[in-house]
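K.L.:
I'd like to ask some things about the structure below.
The values are calculated or read from the model by the stated rules, or taken from the named source; none is laboratory data. Quantities reported herein were computed from a predicted structural model and do not represent experimental measurements. Positions of Cβ are backbone-derived with ideal geometry, glycine not excepted, and every protein chain shown enters the neighbour counts.
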Amino acid sequence: MIRKLKRRVILLQILSFLVSITPLVITVAVKWDSYVTVQSDAVKLSIGAIMVAVLIFFKAIGKLKMPQRRIITYLFLLVLCYMLQAILNDIIFLLGMATAGEFADLIFFQRPIRLSKEKLELEKTSDAVGAKVESIVEKYLGGKP
């Protein structure tokens, strides 16, 4: 049962990640030709897209932690904006698409992920308690319950 719950949580997190980035990816893919006029723009956009995808993935699995030093955050944002400067003119539209993806993720995946994680923790706890009770019964009563 625990293995099945772990697989469910992992599958939900993967689907959550995919749903949250899909509107943004589709929008950028449709407008790619207008963003890429020079080969160097394509390279920079690709690197920036990988940076954004990594951030969204860490958010999806709940491991996104902001660094304590603001200089690191600002340097990261500086590099990210430099890499994505070709698409910054459409930032309002792109942020709207990213918001739509996050909204879909929130509606369809965050609650099932939370409930599955809670159920997984309950299963682990109940298994541990059951094993402890069984060992106590064996110790004091000399047999299995």
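K.L.:
Which of the following residues is surrounded by 12 or more Cβ atoms within 10 Å (Cβ to Cβ), over 15 Å from the mean Cα position of the chain (by Cα) and either among the acidic types (Asp, Glu) or at pLDDT 80 or above (or both): Ile92, Ile113, Ile71, Ile87? Show your work before the answer.
P.N.:
Numbers: Ile92 fails: surrounded by 12 or more Cβ atoms within 10 Å (Cβ to Cβ); Ile113 fails: over 15 Å from the mean Cα position of the chain (by Cα); Ile71 fails: surrounded by 12 or more Cβ atoms within 10 Å (Cβ to Cβ).
Step by step, each of Ile92, Ile113, Ile71, Ile87 is checked, and only Ile87 is surrounded by 12 or more Cβ atoms within 10 Å (Cβ to Cβ), over 15 Å from the mean Cα position of the chain (by Cα) and either among the acidic types (Asp, Glu) or at pLDDT 80 or above (or both).
K.L.:
Can I ask one more? More than 23 Å from Phe108 (Cα to Cα) and of a type in the set (Lys, Arg) - does that describe any residue in region 1-9?
P.N.:
No, there is no match, as no residue in region 1-9 is more than 23 Å from Phe108 (Cα to Cα) and of a type in the set (Lys, Arg).
K.L.:
Given the criterion of a type in the set (D, E, K, R) and loosely packed, with under 14 Cβ neighbours inside 10 Å, identify the matching residue among Lys59, Lys63, Lys44. Spell out how you get there, then give the answer.
P.N.:
Numbers: Lys59 fails: loosely packed, with under 14 Cβ neighbours inside 10 Å; Lys44 fails: loosely packed, with under 14 Cβ neighbours inside 10 Å.
Unique residue meeting the criteria: Lys63.
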